[in-house]
Each structure stands twice: as structure tokens, then as C-alpha cells.
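Derivation of every value follows stated rules applied to the coordinates shown; laboratory data play no part. Small disclaimer: the values here were computed from a predicted structure and weren't measured. Positions of Cβ are generated from backbone atoms using ideal geometry, with glycine treated the same way; all protein chains shown enter the neighbour counts.
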Amino acid sequence: MLDRLDNELKRHEIYFESHERLIDSVNRLIDARPYDTAGRLRLIEEKGDLYESYLSDSAMACYDLGRREAIAANDSAMAIRFTLKSAVCMPLAGFVGDGVKMFQSVDIDSLPPDLQELALECGRQLYSYVAAFYSTYPKEYDRWTGMSTDLQRRLIDRLDKDSPKYLLNQGEYMFMTGHHRQAKALLLELLEIVPPDSNIAARAANIISQAAGMDGLKDEQLYYLALSAIADIRSATREVVSLQQLGTNLYEAGDIDRSRLYLAHALDNAVECRAAMRMLQTSKSLPVIDRAHQETLKLGRTRLYLAIMFLILLMICLIVVLTLLHREMKRMKELQKHLEDANNIKEMYMSHFLHLCTVYMNKLNQFCQISIRKISTGHTDELLRLMKSGKMVGEHTREFYDTFDKAFLHIHPNFVNDVNKLLRADEKLTPQEGELLSTDLRILAFIRLGVTDSSTIAQALNYSLHTIYAYRNRLRNRAIDRENFEMNISRTG
């Protein structure tokens, strides 16, 4: 129902424009009948009725014009009708005393039945308006409310018991006299038979909402207040109560946005209607509107602060992610460089391996050719002397050492320094002039490469097994940490 009310509020200008077109059409009919007094007075009354809850000062002007023309035409009945209706409008415009005085100048008991019914209805409405002025003064409020209720009781006796007006007044009378549940049941039946956009429907729904509130049915109270407000909007009624009450109740229920919207719209209606009484009543809701506005601003600020905090956290997370990403990219570059270095090392190993294979294949071919030549020419003694001299083996060994030293130091350029850090200060190793690695360093290089078997090292370096044992034992004795020396060598670089 609140959603329906929101949609109707968006369309309220359409209903107002339609109502104004209806007023203009009645006004044209009045201008078209300058000499038809009876017809003209009826149209002036109709125009005043259209203005009554739409523009109160214009309604008073219409009724005043009608009363003067009725007096000039000696139409006392119409003059009384205009007097009664004008009296009802006066409290809305702020002329409470004048309205009461004008109404009480009419002797109700001396009127014919149709005018008595109108007088009682106008009196009930007038006194209820006056009571509203004394809402903060219980004694006066009860006095004027009692006067209104008495006139309503007399009115009920004169109404057709099958008419909607009877059911409305009977239900309202029951509510005012403390029978709110019976009143609610009767008015619910009334809502089923009257147009939903009529003034009767608006009044009935408002009373039902009050009855629901007395039973603690908050949702039902809001529902019927919204239904009453919708009827007011669709009937182009600016002199409204339900929308104001609904705004106040929604504020208490925590619906700040709707509360502010409804109260502001009710205040605008009161100002446009020029109904001083409704402006006064609605102005009491201004603090509510202000609190609602302040709470809306506070909520907006809270949401803004939360959004800013969220953005800050998001930025921090983004910075952390970018930092980690940067570090990861840097690490990936380092890994890529290590991979490239590893590939280069593999290529270098392969190059040196192929080089050594080629050298030894050439040396082997040369030795075979020399052997064949010596044997074929009968110089076997020379071949034997050459082999015993060890000259060829020595040359091959030196070439192997040179190739190995270059390849190893290319891979581990700081090997000598790393080894010396593991030795005592007076036991440092320094290659002789013309050497890249000494025998000690060459043995340690094999250990660094994972070749720890002494026999394998002996064969590779062309030494005896005993010599390799002796070298390794001597190196351990020169180390700072003798027990873990060779394991530390394997971890260098």
C-alpha cells in the first residue's frame, strides 16, 4: 500500500489539474447564467464545495458571494446554506471565533429538515476543527469534541440508515464514544460500497487506522492511513490529515525517507490550501521532518565514511597486491636469469666435453699413427722408449688440467676465495704462477662437483689412490671445521 501511495504522490499534479479544469468548467457555467438566479446559486455552491478542501480562501469567497446574491434574491434557504458552509471554512483559515459565531447565529431547530441535516453536519465538522485547535488543552478539547459528538448523534437520527453517509457518521460516533471495534467493523463494510477515491472512503479509512492503532496493530494502522491518503490524493484534497499522521508514524517505525517525503508533502498541501489550521498542525511535524532530514544526512555521512574506508582498504589491498606482483615479477626475472645462466653452463659443459673428446680422439689417432709407423719400420725400440718416457701422457694430462680449470672457474669464479674462507688464516691456498688451480684446489673442485670417490678422482687426475687420500687428509687438517670440511666445500657458491 505504501508503494501505491508513492506512485499516487508522483501523479498528484495530474489530479490537481483535473480538479482545476472541473472548477473552470463550473465557473464558465456561472458566467453563462447571469439572470438564472436559482441555477447560478446552485453552481456557486458547487464551485465553493470544489474549493472547500482544495483552496480554503477561495471556498470562503464563493460562499460569501453566494450568500450575498441569495440575500439579494430573497432566497433565505440558500443564504442559510452559504452561511453554514462559510462558517465551516473559517476555522481552517484561522477565523475560529468568527466561524463559531456565524454558525451559532443560525437557529437549527427552526430550520426545515434538509437544512437541519446540513446544519448538524456543518456543526459537527466545525466543532471538530475547533477541538483540534485545543489538542494540547484536554479540558477545552473534550468540551468541543463533546459538542461535535452531540451534533453528530442528532445528525445520525435524521440520515437514511442505508446511506453511506449514515454508516460513516454512525461508525465515527461509535469510535468517539469508545466503541472502536464496532466502529471498525461497520466502517470496513462501508469501504466495500463507496468509491475508493471519495471523501467518505478517506474519512472511513482514517478512523479504521485509529482503531487499529488502539489495538496495537501497527501494520494495519499504516495500511489504512496509506489507503486514506490515496483517497485524498485521488480526490484532489489538499486539506489532509492522514498523510501527516502516516509520516509521523513512519518516522517512529524507522522509515526515515518516506516519513520526510510524506510530511513535506502534507505541509506543502496545507500551504497551497491556505488552511491556517492545517499549517499549524503540520508545523508541529517540522521538528520531525528536521530530525528525519538530519538522520538521513547522518546515515548518508555514515555510508560515505564506510565507502571511503572501503576504498582505502581496497587501495591498501591493491598496493599490497601490486607490491607482491612486483616482487613476483622481479623473482621471475631472477629465475629467468638463473635459468639462462644454467642453460649457458650446460652449453659450456657440452662445449668443453666435446672439446676434450675431440682432443683425445686426435691424440689417440696421432698415437696410433706413430705406433703403426714405428712398428712397420721396425723401430719398436723407439716406440717403447717414447711410451716409457711418459712425455705424451704428461702433455695430455696438462691439457686436461688446463681445460678442466678453465671450465670449472667459469662456472665457479669465486671458488678459490670460498675455499680459503673455510681454511685457517695461515693455511690459505694460492695457485702457483701460470696455474689456474693447484692440485689441492683441483681435488676440492671434484668434490664440489659431487665426485667424492677417491679412486675416481685419482683416475681423472692421473694420481695414485694413496696420493689422493693423503691430499684429502691434509686439506681437512688445514680446515677451520675439520669434521664438516668436505660438506662445506660441496655447498660453496
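Taking only the alpha carbons of the chain, what extent do you get along each of the three principal axes, in Å, biggest first?
173, 50, 38
Got the relative contact order for the stretch 390-490 handy, in percent, Cα pairs under 8 Å and 6 or more residues apart?
Over the stretch 390-490, the number comes to 29 percent.
Quote to one decimal, in nm, the extra length available between Ser18 and Glu435 on full extension: 0.36 nm per residue of separation minus the C-alpha distance between them.
138.8 nm
Could you pull out the pairs from Lys337/Lys428; Lys10/Lys161; Lys10/Lys47; Lys85/Lys161; Lys363/Lys428; Lys333/Lys421 whose alpha carbons sit more than 29 Å apart here?
Lys337/Lys428; Lys10/Lys161; Lys363/Lys428; Lys333/Lys421
With axes computed from alpha carbons, what is the tilt in degrees of helix 218-234 against the longest principal axis of the chain, rounded to the nearest 10 within 0 to 90?
60 degrees
Could you state the per residue volume, in Å³, of the convex hull enclosing the Cα atoms of the stretch 390-490? Show your work: numbers first, answer last.
Values: hull volume 10.1 nm³, N = 101.
About 100 Å³ per residue, rounded to a whole number.
Which FRET efficiency value, to the nearest 0.05, do you get for Ile308 and Lys165 by plugging their Cβ-Cβ distance into 1/(1 + (r/R0)^6) with R0 = 60 Å?
Computed FRET efficiency for Ile308 and Lys165: 0.50.
Counting other Cβ atoms within 10 Å of each Cβ, which trypsin sites (Lys or Arg not before Pro) in the stretch 1-104 have at most 13 and sit in a DSSP loop?
Those that pass, being in a loop and sparsely packed, are Arg11.
Counting Lys and Arg as +1 and Asp and Glu as -1, what is the net charge of the other residues whose Cβ lies under 11 Å from the Cβ of Asp64?
Values: positive: Arg67, Arg68, Lys85; negative: Asp57, Glu69.
Spelling it out: positives minus negatives among the neighbours equals +1.
For the Cα atoms of the chain, what angle does the longest principal axis make with the long axis of helix 138-158, in degrees from 0 to 90, nearest 10?
Orientation of helix 138-158: about 60 degrees from the principal axis.
With axes computed from alpha carbons, what is the tilt in degrees of helix 380-389 against the longest principal axis of the chain, rounded to the nearest 10 within 0 to 90?
So the helix axis and the longest Cα principal axis differ by about 60 degrees.
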